[in-house]
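All remarks here apply to the structure that follows.
The values are calculated or read from the model by the stated rules, or taken from the named source; none is laboratory data. Since the structure is predicted, the reported quantities are computational estimates derived from the model, not experimental observations. Here the Cβ positions follow ideal geometry from the backbone for every residue, glycine too, while neighbour counts run over all protein chains shown. We work out accessible area using only protein heavy atoms, side chains counted, and drop any ligands, DNA or RNA first. Shrake-Rupley method; radii C 1.70, N 1.55, O 1.52, S 1.80 Å.
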Amino acid sequence: MPMERESSIELTVVVPAWNEAADIVATVSALRDALAELGRPSELLVVDDASDDATARLAVNAGATVLSVEKRQIAAVRNAGAAATDGRLLIFVDADTIVPSETLRELIRAVEDGAAIAGPRVEMPGIKSNFNRLWTWILLRMLASFGVLPGCCLVMPREIFDAVDGFDEQWFASEELWLVKSIRALGRGPVMQVDAPVYTSPRKANAVGPWRLLWQTISIGVSGPRRWRDRSRLRFWYQR
């Protein structure tokens, strides 16, 4: 188990990123503004996972610190960011997700009031196909109804994250499900979904036609853990 460390930093935001030049400035700018509004000691780290575009440069220009790694696995990238930082609360935000300041405030409040981990409501504006928009809406609401917290934005105390050894790096997908499962088993507080939105990119929903989107999401879901451990079978998530 990691050693406890003293730090004056209260809030650490970790943003995993691979070839996110199109979205990283908006994501970092929104987070920087939200942290400034909170007015608490904080750090904002983009973990650049061997991008071959301008992700790292744009993130620095937008106000983030950048850590360069070569993992090609989002669980490992998030863990690397946590290990390189010191904040008492860990906030994981995907590089294509906008977190309004009030949502960030509500998530932090939930954790500081006793939740072991908290996540928001996910909205995905800008989906072009009516079918894809409906299917995505159903999928997001169904996952929420089962208590699944969204991997695109999670907040938890560092001591909770450390107690479960962070994200399990055997998973190339569904890593947030296993993290939440471990935190539930720990029994140190409730898992809480806050009714406040974050806005994540519709690029996956817009990249494919309706039937392929339906097939991709159902097949990934029903194929089970064996597929989730194999990056080569998850190209829908690990390619641009």
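Remarks
- A205 being farther than 22 Å from A17 by Cβ, modelled with pLDDT of 60 or more and among the hydrophobic types (A, V, I, L, M, F, W, C): no
- Number of the condition not met by A56 [criteria: (1) under 18 Å from V155 (Cβ atoms); (2) touching a strand residue (DSSP E or B) at 6+ places or on another chain (Cβ under 7 Å); (3) open to solvent by less than 40 Å² (accessible area, probe 1.4 Å)]: (1)
- Residue within the stretch 5-17 that is buried (at least 21 other Cβ atoms within 10 Å of the Cβ), more than 22 Å from A110 (Cα to Cα), among the hydroxyl-bearing types (S, T, Y) and at pLDDT 95 or above present: no
- Looking only at the stretch 84-125, residues that are within 21 Å of L186 (Cα to Cα) and assigned to a helix (DSSP H, G or I) come to 6 in all.
- Looking across the stretch 56-83, the residues that are polar (S, T, N, Q) and in a strand (DSSP E or B) come down to T65, S68.
- Of all residues making up the stretch 112-135, the number that are open to solvent by 70 Å² or more (accessible area, probe 1.4 Å) and either touching a Ser or Thr at 6+ places or on another chain (Cβ under 8 Å) or among the aliphatic types (A, V, I, L, M) (or both): 1
- You will find that of I160, I138, the residue that is open to solvent by 50 Å² or more (accessible area, probe 1.4 Å) and in a helix (DSSP H, G or I) is I138 and no other.
- For the condition out of contact with any helix residue (DSSP H, G or I) (no Cβ under 7 Å at 6 or more places or on another chain) and either modelled with pLDDT of 65 or more or surrounded by fewer than 14 Cβ atoms within 10 Å (Cβ to Cβ) (or both), S145 qualifies.
- Tallying residues that are open to solvent by 20 Å² or more (accessible area, probe 1.4 Å) and at pLDDT below 95 within the stretch 60-85 yields 3.
- The single residue among S51, S42 that is open to solvent by 10 Å² or more (accessible area, probe 1.4 Å), touching a Gly at 6+ places or on another chain (Cβ under 8 Å) and of a type in the set (S, T, Y) turns out to be S42.
- When residues of the stretch 163-186 are limited to those that are among the aromatic types (F, W, Y) and outside any helix (DSSP H, G or I), the one surrounded by the most Cβ atoms within 10 Å (Cβ to Cβ): F167
- For first residues located in the stretch 12-27 and at positive phi, partners that are among the polar types (S, T, N, Q) and not in a strand (DSSP E or B) and lie 6+ apart or on another chain with Cβ distances below 6 Å form the pairs N19/S51.
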